[in-house]
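Presented below is the structure to which this report refers.
The values are calculated or read from the model by the stated rules, or taken from the named source; none is laboratory data. Please read all numbers here as calculations on a predicted model, not as lab measurements. Every residue, glycine among them, receives a Cβ derived from its backbone with ideal geometry; neighbour counts consider all protein chains shown. Accessible surface areas use protein heavy atoms only, side chains included; no ligands, DNA or RNA. Shrake-Rupley method; radii C 1.70, N 1.55, O 1.52, S 1.80 Å.
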Protein chains: 4
Amino acid sequence: MRIGLVGLGKMGANMRTRLRAHDVEVVGFDRNPDVSDVASLDDLVAALPAGQRFVWVMVPAGGPTRDVLAQLATLLAPGDVVIEGGNTHYVEDAERAATFAEHSIGYLDVGVSGGVWGLENGYGLMVGGDAATVERALPIFDALRPEGPRDEGFVHAGAAGAGHYTKMVHNGIEYGLMQAYAEGYELLDAKDIVTDVPGTLKAWSRGTVVRSWLLELLVKALEEDPELADISDWVEDSGEGRWTVDEAIDAAIPLPVISAALFARFSSRQGASPAMKAVAALRHQFGGHDVRPSSPGA
Amino acid sequence: MRIGLVGLGKMGANMRTRLRAHDVEVVGFDRNPDVSDVASLDDLVAALPAGQRFVWVMVPAGGPTRDVLAQLATLLAPGDVVIEGGNTHYVEDAERAATFAEHSIGYLDVGVSGGVWGLENGYGLMVGGDAATVERALPIFDALRPEGPRDEGFVHAGAAGAGHYTKMVHNGIEYGLMQAYAEGYELLDAKDIVTDVPGTLKAWSRGTVVRSWLLELLVKALEEDPELADISDWVEDSGEGRWTVDEAIDAAIPLPVISAALFARFSSRQGASPAMKAVAALRHQFGGHDVRPSSPGA
Amino acid sequence: MRIGLVGLGKMGANMRTRLRAHDVEVVGFDRNPDVSDVASLDDLVAALPAGQRFVWVMVPAGGPTRDVLAQLATLLAPGDVVIEGGNTHYVEDAERAATFAEHSIGYLDVGVSGGVWGLENGYGLMVGGDAATVERALPIFDALRPEGPRDEGFVHAGAAGAGHYTKMVHNGIEYGLMQAYAEGYELLDAKDIVTDVPGTLKAWSRGTVVRSWLLELLVKALEEDPELADISDWVEDSGEGRWTVDEAIDAAIPLPVISAALFARFSSRQGASPAMKAVAALRHQFGGHDVRPSSPGA
Amino acid sequence: MRIGLVGLGKMGANMRTRLRAHDVEVVGFDRNPDVSDVASLDDLVAALPAGQRFVWVMVPAGGPTRDVLAQLATLLAPGDVVIEGGNTHYVEDAERAATFAEHSIGYLDVGVSGGVWGLENGYGLMVGGDAATVERALPIFDALRPEGPRDEGFVHAGAAGAGHYTKMVHNGIEYGLMQAYAEGYELLDAKDIVTDVPGTLKAWSRGTVVRSWLLELLVKALEEDPELADISDWVEDSGEGRWTVDEAIDAAIPLPVISAALFARFSSRQGASPAMKAVAALRHQFGGHDVRPSSPGA
């Protein structure tokens, strides 16, 4: 099998490597000629059999993805299939799928999990789209997903958008899980009678209720830096976490844990919090409580 | 009427002034001779009529309060009444009341709200204890409470402990209210189209659903410092906030807002958050996401 | 002064009454002929002086408001002013203002607070738009706002959208305040030693830190129904609360209290929570903990 | 090796079985004669070699544990070791250890994780106490812990109390993890385009960031009951979750996720929420919003 892959950044390049290792021929295109197999998107399309093409798009969500899809809409032929694997907001998928369908081009949205470890372990895949198109693309998914039974690393989750939706929820859960471990870590770290924090987390690796891959990564991080001395507490967030909470609000679903995890990241990136300045000002007003003067630069 | 008042700190001294302004004679004692009316607790007790004494205790909760109460237990006579107005955890009151009752000494626990404004506005008073003793002490409460109908600034809330319990809940609510205004303030402050933040808060003073005394204080704070430039975001918390959440946990009552307000204060006082370092470390492990190196001193 | 008022529901009808009581002539239009002063929007426009018209729109946000504004765009003349007082999402205002400006028609967005009490107490008003137009409309605002200094019940908060934005934030704060009181109420209600819950809340009316208009309403509610026996715990939410949290997420502002208040309302309206079923199922799986079978209809 | 084991409930009986399967002789005692190996605690002690005894106590925390420990204090000899494996609050351990030390009896506190699966998989073990005593008890721990490297299922976490403390934190984390998955499950369940919820969760088993043992259990639960139709949303909580939040409050550590997970369980067990009745009452007061009358029995 031979497919096209657009976008050869950290994720895309690893996926190309894994696909090739699993006997899928890949024609990769990237704007960076140093990593690209062909000179242009046109060349990529030309290198694949019309009507039977699969083009996997793995570029940043938003503008870049929209640009590539718009070009593909003009280059591809009826029977071809676009697989959109980026971190797109699922709300965009239904219309995209409909637009491609007008030209008899298939469209699948795929959530891809696994990060830098996916090259070796395989990628967890969640797919949205129609069943016949999913069926045709199975060899690609089988090459990318982890070893083991197909249904433990792959799912056809539902209609157009279901791939990105389930990946979004996956990432929302991830936020909550990470924050739960992090709060527990802080409780261990703060307690004088606990003299072996890294060892405690490592001892949870087998047999306990909290064992997980994220726990293994935390154990690994502490083996490299037992007091996390070389890392700041500044934590980025990405679109999926925010979309998850937005979605919950739209659907009137309470989401206390995932939202708290998101807000903790926001807080981590604030210098002086305007809200807490207001609370300090209020305490000063009603109680004559001393306030700390603002530090230079705070 | 003539009463004893032990503890002439910021609150106690103001209360003495208000009591005297309302025709209650006050014999005040404080360890600081500069503010004390008498040289010792013995002298204070001696200056009051045995069996009809009222001694209001207004010293820091915990050890200092316990010390004063222990001394009073040996100095007072049957028929006397102790009024404990400090920020005591209500769980201590029932036993104290019982102990004094063995000596036929009355015991009332009183939550006092109003801060530095109480001198002028009067103090909100919540009282726990038996009805007959509360009745005897009414002239004192009437002098301290705000002008207006008695039941708008005073309540006999229930049995021993009810005064401190209701004051604890009052303060827990206060945490939530302050955080709600503060979050709103931050949203206003962050928005470019809103060009008059202090004016917006001031415009809420009349007619709106959110008008309150705390809002007036926030307006006042912004009149003094329109961007809260001279105040840090470091916010202290006191026992009552913590006890409120502890109480909810004991009683299996969900308390999402008050607990979030308490945790926001904890966060405000942290330098680098160990929990968020752990989240940053995890992100780095699974995604190869860049982390910020820890800043010197963070 | 003579103005048009479109929308004579609960809010609009009260506003008409208050405007008339303050010497502003009002031509009101509503689709319901029983309450309408004129037969059509055309008639309303015709009854006002071209180029000097003020038309206040007070209809449900979304479609109804958009419909009325679209009609007004065709009916009004240069120099006229539209005042949009509904619960519109502020993000719609900038484009609307620009569209009207193309026809030299003024556009002000106004957040109106006060509920059913506004008729008597006046309405808190937050206005977005350009200063000259705001200036022209001041007599209307002065008639609607509460007695007292103008800046305690009215603000020109900023550019187009600032009126609805600040009203949105006002309502977000309101959610947090209400939940804070409610959590405190539950703590009082649950405690055996507190024998006078309504009295305790009433005693907070003067002198305390938590005194507010919402507290007064809670006191009133408990005077009518001391145990809230006749009211269910099902709580609706409106767009402003959701938009407030959405806005915080967009701006990366932590909003733990207001979001918790919103989620508490979502939870109040759920029958059986799918999330908590999942937690129960997990506990059963790992611990053999008994689970309660689902009740019929749950 | 031969040890005593007091308490043969679900956990204790399984542990006895696992110990025996790993060549540790066990003399078990339980108040229930049907499962007990000996007739009394005296008999259990008599069956072990004085000065070299290990007695593992696995009875309910609180009174039952305190009773057994008090009896053992009178029955054991210098050199013997008590291992307390129940769900005890760690704050009790330091004093217990000191008391036993006065009689030259060793005391280890052990957190045991694994639930009903521990019999087969082994139990995760966290131990507090002095190093020499831990060393002597290693053969017992090696029999109970999972196969694999010792440090992946066992840790000497620190001084007296560290075993129960780390187990408490483990359970607190567990609350957060479970709630994170549960919130994600609800988001999947609510979405019409997601037509295979159980399959989506199963597809996360390999390769994804959220893979874990708890996820496997949720997959298993959904295989048994794909819509969780036979399970209610009523979720119990245990001491450890509450203690974890209490601990955070004492240590001024923000714990938004774990506390939210705990509160969600509290909410799940409430019939009508008094807090939400109060919010509904407030909405009715200020806005004339309709409230739902209380349902019979709610």
Say we look at region C:129-149 and pick out the residues that are at the interface with another protein chain (Cβ under 10 Å from one of its Cβ atoms) and surrounded by 15 or more Cβ atoms within 10 Å (Cβ to Cβ); which of these is farthest from B:Pro198 (Cα to Cα)? C:Leu144
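Tell me which residues, restricted to region A:219-244, are under 30 Å from A:Tyr90 (Cβ atoms) and more than 8 Å from chain B (Cβ to nearest Cβ). Give the steps one after another, and end with the answer.
From region A:219-244, those under 30 Å from A:Tyr90 (Cβ atoms) are A:234-244; that's our starting set.
Of everything in region A:219-244, those that are under 30 Å from A:Tyr90 (Cβ atoms) and more than 8 Å from chain B (Cβ to nearest Cβ) turn out to be A:Asp237, A:Ser238, A:Gly239, A:Glu240, A:Gly241, A:Arg242, A:Trp243, A:Thr244.
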Return the residues of region A:183-218 that are more than 7 Å from chain D (Cβ to nearest Cβ), out of contact with any Asp or Glu (no Cβ under 9 Å at 6 or more places or on another chain) and surrounded by fewer than 24 Cβ atoms within 10 Å (Cβ to Cβ); say none if nothing qualifies. A:Asp192, A:Leu215, A:Glu216, A:Leu217
Is it the case, given these coordinates, that D:Glu247 is open to solvent by less than 40 Å² (accessible area, probe 1.4 Å), among the acidic types (Asp, Glu), within 11 Å of chain A (Cβ to nearest Cβ) and closer than 18 Å to C:Ala280 by Cα? no
Tell me, please, whether a residue that is in a loop (DSSP other than H, G, I, E, B), in contact with a His (Cβ under 9 Å, 6 or more places away or on another chain), in contact (Cβ under 8 Å) with a residue 12 or more places away in the chain and open to solvent by 10 Å² or more (accessible area, probe 1.4 Å) can be found in region C:252-272. no
List pairs: first in region D:1-23 and assigned to a loop (DSSP other than H, G, I, E, B), second polar (S, T, N, Q), Cβ under 8 Å, 6+ apart or cross-chain? D:Leu8/D:Asn32; D:Leu8/D:Ser36
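Looking at D:Gly153, D:Gly172, D:Gly161, which one is buried (at least 24 other Cβ atoms within 10 Å of the Cβ) and at positive phi?
Numbers: D:Gly153 fails: at positive phi; D:Gly172 fails: at positive phi.
The match here is D:Gly161.
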Name, by its number, the condition in (1) within 11 Å of chain D (Cβ to nearest Cβ); (2) in contact with an Asp or Glu (Cβ under 6 Å, 6 or more places away or on another chain); (3) in a helix (DSSP H, G or I) that does not hold for A:Met276. (1)
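Given the options C:Val27, C:Val45, C:Val38, name the one that is of a type in the set (Val, Ile, Thr), part of a helix (DSSP H, G or I) and either at positive phi or over 23 Å from the mean Cα position of the chain (by Cα) (or both). Quick ask: steps written out before the conclusion?
Working: C:Val27 fails: part of a helix (DSSP H, G or I); C:Val38 fails: part of a helix (DSSP H, G or I).
Answer to the check: C:Val45.
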Regarding C:Gly287, is this residue under 29 Å from A:Phe263 (Cβ atoms) and away from chain B (no Cβ under 14 Å)? no
Scanning region A:150-159 for residues that are within 7 Å of chain D (Cβ to nearest Cβ) and either free of Cβ contacts under 8 Å to residues at least 12 places away in the same chain or among the hydrophobic types (A, V, I, L, M, F, W, C) (or both), which turns out nearest to A:Lys10 (Cα to Cα)? A:Phe154
Picking from D:Met15, D:Met11, the residue that is closer than 26 Å to D:Glu135 by Cβ and open to solvent by 20 Å² or more (accessible area, probe 1.4 Å) would be D:Met11
Condition check for C:Asp233: in a loop (DSSP other than H, G, I, E, B) and within 22 Å of C:Gly86 (Cα to Cα): no
Of everything in region D:79-99 that's surrounded by fewer than 22 Cβ atoms within 10 Å (Cβ to Cβ), closer than 25 Å to D:Leu19 by Cβ and in contact with a Gly (Cβ under 7 Å, 6 or more places away or on another chain), which residue is modelled with the highest pLDDT? D:Gly79
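Condition check: polar (S, T, N, Q), away from every other protein chain (no Cβ under 11 Å) and either open to solvent by less than 10 Å² (accessible area, probe 1.4 Å) or farther than 19 Å from D:Lys167 by Cβ (or both). Does D:Ser113 satisfy that?
On the way: polar (S, T, N, Q): yes; away from every other protein chain (no Cβ under 11 Å): no; either open to solvent by less than 10 Å² (accessible area, probe 1.4 Å) or farther than 19 Å from D:Lys167 by Cβ (or both): yes.
Judged against the criteria, D:Ser113 is not a match.
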Condition check for C:Ala180: under 30 Å from B:Glu95 (Cβ atoms) and within 7 Å of chain B (Cβ to nearest Cβ): no
Condition check for B:Ile253: out of contact with any strand residue (DSSP E or B) (no Cβ under 6 Å at 6 or more places or on another chain), more than 11 Å from chain C (Cβ to nearest Cβ) and among the β-branched types (Val, Ile, Thr): no
